[in-house]
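Asks: I'd like to ask some things about the structure below.
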Amino acid sequence: MTGNFDINSKLPGTKTSIFSVMSKMANDHGAINLSQGFPNFETDQKLKDLVFQAMKDGYNQYPPDSGVQTLREEIVKKIKTLYNKKYDANSEITITSGATEALYCAITAFVQKGDEVIVLKPAYDTYEPTVKLNGGIPVQIQLKGENYRVDWDEVKSAITSKTKMIIINTPHNPTGTVLSEKDMLQLQEILKNTNIILLSDEVYEHLIFDSEKHQSASKFTDLSEKSVVCASFGKTFHNTGWKTGYCVAPKNLMKEIRKIHQLTVFSVNHPMQRAYAEYLQTPAHYLDLSNFYQTKRDLFLNFIKDSKFTFTPSKGTYYQLLNFSRITDENDVHFAEKLVKKHGLASIPVSVFNINEKDNSQLRFCFAKTDDTLEKAAEILCKL
Ligand code: PMP
Ligand code: GLN
């Protein structure tokens, strides 16, 4: 077999993820890496000790496919306290291999050939390929203006008899904007009396700044009845490499999601789940996160205040967009490449997430980094 035969690719337009591309470029050039979203500091030693303890206690074989019971129960408590919604630990929560798997399972469970899925752009890079893989049709709607607001009238008029799902993400990657209570109420109104499923990507729920409140889909009674909410422990507890997250949804939806979960990974790493279950018993472990990251955001923005970049401070996530139109008129992909190769700093060009890769002269910088790294990165930015 030479491998020299025709392959009819199921995803012909899908390229290597920009996160892999930019992180590799950063490594190859010894650059500071503010591109892919991960912390360059350690996860809490207490949490690592809990994982090690779980291993020593013999939790090294398959856990239940939907996840460790005590962890699902802790998630129920957290959601009840924060968003006043009571999910059933047995039938409405599944632990997944990161939020990535949760998103994949939710889309695959419901989207069929010819179904339309509304996606707000710029959008995280897994949504649309997964929709297409299932024969669905992404319907793109551009977020508006400097602050990337949702035009709900446009969303409403994009709905057809084929609309199966709408995907939202708050706090939003890559823009660092958040949906307000008013946004969520408008969405709830639009989806009233429809069979449209809301897929709500809330991986940055605990990274929200300037006294904004996270507006989870699970907070809104009508909305929560048709919502799948996805979350990521990797983002919350500084351990993206452990690839553990979860999704919550009403029982009838979760039943279908679990069928796909069973076929993709069946179950998720066991010792980490035991550790998270115990770690979640101290709410400060996630409630203190907003302050921690807001301090980093402010430090980074203060370091670059005299640079030529312009910006609106991020309201959530650990990303900050910077506009470079006062520096150059080259496109963002070229500028990002030059920044790595010539100046030793990696970022993410935002056009890759936009409709028709529209370039607004913006780069995304991840500020989940040590203060020292942020200072060094800022020195480079200030010289441009
Ligand atoms: N959604 C968004 C918006 C993200 O930024 C990420 C990256 N963390 C994911 C989903 C995937 O999360 P995970 O790393 O838990 O798979
Ligand atoms: N979510 C991370 C980001 O936006 C990357 C995740 C990944 O590399 N797949 O940078």
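Asks: If you average the C-alpha positions of the stretch 168-217 and of the stretch 40-117 separately, how far apart do those two centres end up, in angstrom?
Replies: Cα centres, the stretch 168-217 to the stretch 40-117: 20 Å.
Asks: So if R0 is 22 Å, what FRET efficiency would residue 41 and residue 341 give, r being the distance between their Cβ atoms, rounded to the nearest 0.05?
Replies: 0.25
Asks: Something else about it: Please say if the stretch 44-107 is rounded, prolate or oblate, where rounded means a/c under 1.5 for a ≥ b ≥ c the square roots of the C-alpha gyration tensor eigenvalues, and otherwise the choice is prolate for a/b larger than b/c and oblate otherwise?
Replies: prolate
Asks: Could I ask something else about it? What is the order of 258, 274, 149, fewest Cβ neighbours within 10 Å to most?
Replies: With the fewest neighbours first, 258, 274, 149 line up as 149, 258, 274.
Asks: Related question: Output ³J(HN,Hα) for the stretch 40-48: one whole-Hz value per residue in order, computed from phi by the Karplus curve 6.51 cos²θ - 1.76 cosθ + 1.60 with θ = phi - 60°, and x for Gly and Pro.
Replies: Computed from phi, the couplings for the stretch 40-48 are 9, 10, 7, 5, 4, 4, 4, 6, 5 Hz.
Asks: Would you mind checking the radius of gyration and Dmax of the stretch 247-384 based on alpha-carbon positions, in Å?
Replies: Cα only, the stretch 247-384: 19.9, 56 Å (Rg, Dmax).
Asks: How large is the Kirkwood hydrodynamic radius of the stretch 44-197, in angstrom, based on all distinct alpha carbon pairs?
Replies: It works out to 18.0 Å.
Asks: Right, something else. Note the direction-averaged projected area, equal to a quarter of the hull surface, for the Cα convex hull of the stretch 318-359, in nm².
Replies: Hull-based average projected area comes out at 3.3 nm².
Asks: Sticking with this one: Please build a GNM for the chain, connecting alpha carbons under 10 Å apart, and tell me which residue among 136, 176, 58 fluctuates the most.
Replies: The residue that fluctuates most here is 58.
Asks: On to the next question. Using only the alpha carbons of the stretch 314-384, what is the convex hull's orientation-averaged projected area in square nanometres?
Replies: Hull-based average projected area comes out at 5.0 nm².
Asks: Please state the Cα pair-distance histogram of the stretch 218-285 with 10 angstrom bins from zero: what percent is in each bin?
Replies: Reading the bins upward from 0: 17, 42, 36, 5.
Asks: Right, next: Tell me, in nm to one decimal, what length is gained between residue 379 and residue 182 on full extension, where the rule is 0.36 nm per residue of separation less the Cα-Cα distance?
Replies: 67.0 nm
Asks: Beyond 30 Å, what share of the Cα-Cα pairs of the chain is found? Please give it as a whole percent.
Replies: 40 percent
Asks: Translational diffusion coefficient, Stokes-Einstein: compute it for the stretch 120-183 using the Kirkwood radius over C-alpha pairs as Rh, at 37 °C and 0.692 mPa s, and state it as an integer in µm² s⁻¹.
Replies: Roughly 259 µm²/s, to the nearest whole number.
Asks: Test of the criteria: in the stretch 104-163, which GluC sites (Glu not before Pro) are in a DSSP loop and have at most 14 other Cβ atoms within 10 angstrom of their Cβ?
Replies: Those that pass, being in a loop and sparsely packed, are 146.
Asks: Taking a point 7 angstrom from the Cα of residue 14 along the C-beta vector, which residues in the stretch 344-363 have backbone N less than 18 Å away?
Replies: What the label zone holds, given the 18 Å backbone N cut-off, is 352-354.
Asks: Let me ask another. Taking 0.36 nm per intervening residue step and subtracting the Cα-Cα distance, what contour gain separates residue 195 from residue 4 on full extension?
Replies: 64.2 nm
Asks: A further question follows. What is the P(r) of the stretch 164-297, as percent of Cα-Cα pairs per 10 Å bin from 0?
Replies: Each 10 Å bin holds this share of Cα pairs: 11, 38, 36, 15, 0.
Asks: Counting only chymotrypsin sites (Phe, Trp or Tyr not before Pro) that sit in a DSSP loop (anything but H, G, I, E, B) with at most 14 other Cβ atoms within 10 Å, what is the longest stretch of the chain containing none of them?
Replies: By the stated rule (loop sites, at most 14 other Cβ atoms within 10 Å), 42-265.
Asks: How high is the relative contact order of the stretch 224-275, given as a whole-number percent (alpha carbon pairs under 8 Å, six or more residues apart)?
Replies: Relative contact order of the stretch 224-275: 33 percent.
Asks: With springs connecting C-alpha atoms under 10 Å apart, model the chain as a Gaussian network and identify which of 161, 224, 232 has the largest mean-square fluctuation.
Replies: Of the options given, 161 has the highest mean-square fluctuation.
Asks: Which one, 374, 263, 339, has the greatest fluctuation when you compute a Gaussian network model over the chain with C-alpha springs under 10 angstrom?
Replies: Taking springs between Cα atoms under 10 Å, the residue moving most is 263.
Asks: Using the Karplus equation 6.51 cos²θ - 1.76 cosθ + 1.60 (θ = phi - 60°), what ³J(HN,Hα) coupling, rounded to whole Hz, does each residue of the stretch 153-167 give in order, writing x for Gly and Pro?
Replies: 5, 5, 4, 4, 6, 7, 6, 10, 5, 9, 5, 9, 8, 10, 10
Here, each number is a calculation from the coordinates, and none is a lab measurement. Here the structure is a predicted model, which is why all the values come from computation and not from measurement. Reconstructed Cβ throughout: ideal geometry from the backbone, glycine too, with neighbour counts over all protein chains shown.
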